[in-house]
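Asker: Quick one: structure below, then a few questions.
The values are calculated or read from the model by the stated rules, or taken from the named source; none is laboratory data. Because the structure is predicted, anything quoted here is derived from the model rather than measured. Glycine gets a Cβ as well: all are built from the backbone with ideal geometry, and neighbour counts include every protein chain shown.
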Amino acid sequence: MNFLAIIVAALIPMIVGFIWYHPKVFGNTWMQVAGMTEEKIKSGNMALIFGLSFLLSLLLAVSVHTISFHDSFVAGALYYVTDGTMNPDPASEAGRWLEYYKTNLAAGNHTFKHGAFHGFFIAGLMIALPIMGTNALFERKSFKYVAVNAGYWMLTLMLMGGLLAAWQ
């Protein structure tokens with residue numbers, strides 16, 4: 001894992017959030033549909049909120065790292081077929097497969113475009129949107145609430161995936 005890339009990727013939710021939830025973008029809409037007021041926002045412990053948000057973003061970056069390109073899946077498969085050595089015999093099926101992956105596939109997986117696709121599609125569309133939508137249904141939140149918040153996460157996860165896949 002590239003820990004510097006993970007730390008930088010963990011900053012993306014905060015940077016995108018500052019823009020996305022700005023009053024001139026979606027901030028006023030979000031406040032209305034979330035039932036937030038200026039007083040409620042000012043009453044929070046901002047150091048605690050942003051500190052915990054960054055820690056959670058670190059966890060998210062590690063997760064997005066594993067799905068934004070395929071090296072972790074390759075390593076996982078190799079672990080099992082080599083009894084944990086991660087070093088297959090080059091003449092074995094696993095050795096030939098690993099060589100094929102490195103020669104023909106790995107470079108294409110380490111692009112911003114590839115990581116952004118996986119960040120958006122897998123993490124955003126297939127994970128974040130269903131979670132946000134389910135919570136909104138039970139909390140009786142509007143479609144606009146889901147659109148603002150899920151849109152933020154889908155964009156954020158796309159950018160995180162792109163950065164993590166490209167920065168190898």
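Asker: Answer yes or no: is there a residue in region 101-112 that is within 14 Å of the chain's Cα centre (by Cα) and either closer than 18 Å to PHE3 by Cα or without any contact (Cβ under 8 Å) to a residue 12 or more places away in the chain (or both).
Answerer: Yes, because at least one residue in region 101-112 is within 14 Å of the chain's Cα centre (by Cα) and either closer than 18 Å to PHE3 by Cα or without any contact (Cβ under 8 Å) to a residue 12 or more places away in the chain (or both).
Asker: Report yes if ALA136 is closer than 28 Å to GLY35 by Cβ, modelled with pLDDT of 95 or more and surrounded by 16 or more Cβ atoms within 10 Å (Cβ to Cβ), otherwise no. Quick ask: steps written out before the conclusion?
Answerer: Values: closer than 28 Å to GLY35 by Cβ: yes; modelled with pLDDT of 95 or more: yes; surrounded by 16 or more Cβ atoms within 10 Å (Cβ to Cβ): yes.
Yes; evaluated as a whole, the condition is true for this residue.
Asker: Okay, moving on. Just checking: which of the helices (runs of 4 or more DSSP H) contained wholly in region 1-71 hold 1 or more residues that are in contact (Cβ under 8 Å) with a residue 40 or more places away in the chain and farther than 30 Å from LYS102 by Cα? Give the steps one after another, and end with the answer.
Answerer: On the way: elements: 3-20, 28-34, 38-42, 46-68.
Once the helices (runs of 4 or more DSSP H) in region 1-71 are filtered for at least 1 residues that are in contact (Cβ under 8 Å) with a residue 40 or more places away in the chain and farther than 30 Å from LYS102 by Cα, what remains is 3-20, 28-34, 46-68.
Asker: Only one residue in GLY124, GLY115 is within 16 Å of ILE6 (Cβ to Cβ) and surrounded by 16 or more Cβ atoms within 10 Å (Cβ to Cβ), so which one is that?
Answerer: Going through GLY124, GLY115 in turn, the sole match is GLY115.
Asker: Find the residue count for region 34-91, including only residues that are surrounded by 10 or more Cβ atoms within 10 Å (Cβ to Cβ), charged (D, E, K, R) and at pLDDT 90 or above.
Answerer: Counting residues in region 34-91 that are surrounded by 10 or more Cβ atoms within 10 Å (Cβ to Cβ), charged (D, E, K, R) and at pLDDT 90 or above gives 2.
Asker: Further question on the same structure: Can you find even one residue in region 129-146 that is of a type outside the set (D, E, K, R), part of a helix (DSSP H, G or I) and in contact (Cβ under 8 Å) with a residue 24 or more places away in the chain? Can you show your working first?
Answerer: At the first step, the residues of region 129-146 found to be of a type outside the set (D, E, K, R) are 129-138, 142-143, 145-146.
Next cut, part of a helix (DSSP H, G or I) only: 129-138, 143, 145-146.
Within this subset, residues satisfying the condition of being in contact (Cβ under 8 Å) with a residue 24 or more places away in the chain are 129, 145.
Checking region 129-146: at least one residue is of a type outside the set (D, E, K, R), part of a helix (DSSP H, G or I) and in contact (Cβ under 8 Å) with a residue 24 or more places away in the chain.
Asker: Can you name every residue in region 109-139 that is over 15 Å from LEU159 (Cβ atoms) and among the β-branched types (Val, Ile, Thr)?
Answerer: Correct list: ILE127, ILE131, THR134.
Asker: Given the criterion in contact with a helix residue (DSSP H, G or I) (Cβ under 7 Å, 6 or more places away or on another chain) and closer than 21 Å to ASN135 by Cα, identify the matching residue among ALA34, ALA5.
Answerer: Residue meeting the stated conditions: ALA34.
Asker: Among the residues of region 15-33, which ones are surrounded by 11 or more Cβ atoms within 10 Å (Cβ to Cβ) and either in contact with a Cys (Cβ under 7 Å, 6 or more places away or on another chain) or charged (D, E, K, R) (or both)?
Answerer: none
Asker: So for region 96-105 (the condition being out of contact with any strand residue (DSSP E or B) (no Cβ under 6 Å at 6 or more places or on another chain), surrounded by 15 or more Cβ atoms within 10 Å (Cβ to Cβ) and farther than 21 Å from GLY161 by Cα), does at least one residue qualify?
Answerer: Yes - at least one qualifying residue is present in region 96-105.
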